[in-house]
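The values are calculated or read from the model by the stated rules, or taken from the named source; none is laboratory data. Keep in mind that this is a model prediction, so the values were computed, not measured. With ideal geometry, Cβ positions are generated from the backbone for all residues, glycine too; neighbour counts draw on all protein chains shown. Heads up: the accessible areas ignore ligands, DNA and RNA and are worked out on the full protein's heavy atoms, side chains in. Shrake-Rupley method; radii C 1.70, N 1.55, O 1.52, S 1.80 Å.
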Amino acid sequence: MKNIAIFASGAGSNAKKIIDHLKGNPTIQVAAIVSNKPDAGVLKIAADENIPSYIIDKENFFRGDNYVKLMKDLRIDLIVLAGFLWKVPDNLVQAFPDKIINIHPALLPKYGGKGMYGHFVHEAVIAAKDPESGITIHFVNEKYDDGATILQEKCAITPDDTPDTLAKKVQALEHQWFPVIVERLLT
Ligand SMILES: Nc1nc2c(c(=O)[nH]1)N[C@@H](CN(C=O)c1ccc(C(=O)N[C@@H](CCC(=O)O)C(=O)O)cc1)CN2
Ligand SMILES: NCC(=O)N[C@@H]1O[C@H](COP(=O)([O-])[O-])[C@@H](O)[C@H]1O
């Protein structure tokens, strides 16, 4: 059995799509959901799906190696960042080389880095009057949004688009492609 840990800070819509997509897969399971926000919607999804969840202790996450040990103890094969808003520390990145992936709601390298998450991204893209946006699924390294690209998918931006309408277009691409890529990486 291949085990996935999903790290998320928010509503968890991508986590839910991945969980649902893998329900038909006999060799891959979501073994853990990890969050840094005790009130994150993703933790309700974990409870509803009977998936063990863990709330990150900030001090330990950034200064200890307990989370490396936890991922190893759970025999995690792939760590999936799905709207996780803290930088994954070097020790965890180095303990899981090319086994941590992230989804970013823009076409990296544009609109990446510190401060570029959630609605901040879509606001910047709309403000720049870009003709297109999209998603980037990439491997995670020690920097924000700098790892090798796995997949990019695009959506057109029309003059009447707002950050909210763009967010919906991008989320549709996320929900379509992230579960497929997660499954493909473990098959
Ligand atoms: N080592 C890595 N860790 C993380 C990566 C990565 O590529 N390498 N990706 C991010 C996800 N992300 C963009 O895809 C991202 C998330 C959050 C931020 C950010 O600026 N966060 C704020 C804190 C926000 C909060 O605490 O609510 C900050 O660092 O000041 C940038 C990019 C996940 N981790
Ligand atoms: N830079 C990281 C970033 O902005 N990630 C974004 O957080 C959202 C999480 O939504 P969800 O909690 O509904 O899956 C997603 O749109 C994802 O691309």
Exercise. Zone of residue 142 (label point 7 Å along Cα→Cβ, backbone N under 20 Å): which residues in the range 51-71?
Worked result: 60-69
Seminar exercise, completed: Toy charge model, Lys and Arg Cβ at +1, Asp and Glu Cβ at -1: the chain dipole around Cα centroid in debye, rounded to 20, equals 280
For this session: Report the local net charge at residue 4: Lys and Arg +1, Asp and Glu -1, summed over other residues whose C-beta lies under 12 Å from its C-beta.
Result: +1
Seminar exercise, completed: Highest mean packing first, using Cβ neighbours within 10 angstrom, the peptides 136-145, 74-83, 6-15 sort as 6-15, 74-83, 136-145
For this session: Mind listing the long-range amide H neighbours of residue 9? Cut-off is under 5 Å, sequence gap 5 or more, other chains count too, H placed in the peptide plane at 1.01 Å from N.
Result: 84, 85
Problem set entry | Nearest-ten-degree value, helix 163-185 long axis tilted from longest Cα axis of the chain | 40
Seminar exercise, completed: Under 5 Å from the placed amide H of residue 151, counting only residues 5+ away or on other chains, we find 137
For this session: Would you mind getting me the FRET efficiency between residue 165 and residue 85? Use the beta-carbon distance for r and R0 = 25 Å, nearest 0.05.
Result: 0.60
For this session: Eight or more residues apart or on different chains, and alpha-carbon atoms under 26 Å: count the Lys pairs in the range 96-187 matching that.
Result: 20
Problem set entry | For residue 144, distant residues with modelled amide H under 5 Å away | none
Exercise. Can you work out the FRET efficiency for the pair residue 48 and residue 180, with r the C-beta to C-beta distance and R0 = 35 Å, to the nearest 0.05?
Worked result: 0.95
Problem set entry | Of all accessible heavy-atom area on the chain, the percent that carbon and sulfur account for (1.4 Å) | 52
For this session: Pop out the Kirkwood hydrodynamic radius of the range 92-163 from its pairwise C-alpha distances, inverse of mean 1/r, in Å to one decimal.
Result: 12.8
For this session: For an R0 of 41 angstrom, estimate the FRET efficiency from the Cβ-Cβ distance between residue 154 and residue 60 and round to the nearest 0.05.
Result: 0.55
Seminar exercise, completed: residue 187 and residue 68 label points (each 7 Å along its Cα→Cβ direction) are spaced in nm at 3.3
Exercise. Cα-based Rg of the range 1-154 per 2.2 N^0.38 Å, rounded to two decimals?
Worked result: 1.03
Exercise. Once a ≥ b ≥ c are taken as the square roots of the eigenvalues of the Cα gyration tensor of the range 50-111, is the result rounded (a/c under 1.5), prolate (a/b larger than b/c) or oblate (a/b not larger than b/c)?
Worked result: prolate
